[in-house]
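Report on one structure; see the data block that follows.
The values are calculated or read from the model by the stated rules, or taken from the named source; none is laboratory data. What you see is a predicted model; the values in this text were computed from it and never measured. A quick note on method: Cβ atoms are made from the backbone with ideal geometry, for glycine too, and the neighbour counts reach across all protein chains shown.
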């Protein structure tokens, strides 16, 4: 798990484990909520989850629903590099490595 780089150049850290702000709080997943950190620019879809709204590119976003992560990735044209934790998205379990 680590930094996801989207097609338009936007990047964000997407993490999930027993040590992160995620659900379930374990090391296996699939996760319905994950921790997002340090996006390369302010992303309106993530703002409801930000710890410090005055520093959106230097903050952690806790318990971000996996569908919001996918919405950000889709909005940004998909992703070209990085690895996502196993996500629960609707009726699907998704783990994609690029």
Of the residues that make up region 67-77, is at least one modelled with pLDDT under 95, part of a loop (DSSP other than H, G, I, E, B) and surrounded by fewer than 14 Cβ atoms within 10 Å (Cβ to Cβ)? no
Hits in region 1-58 - residues which are under 15 Å from residue 74 (Cα atoms), part of a loop (DSSP other than H, G, I, E, B) and touching a helix residue (DSSP H, G or I) at 6+ places or on another chain (Cβ under 7 Å): 43, 45, 46
Out of all the residues in region 36-48, is one or more surrounded by 19 or more Cβ atoms within 10 Å (Cβ to Cβ), touching a residue at least 40 places away in the same chain (Cβ under 8 Å) and more than 12 Å from residue 87 (Cα to Cα)? no
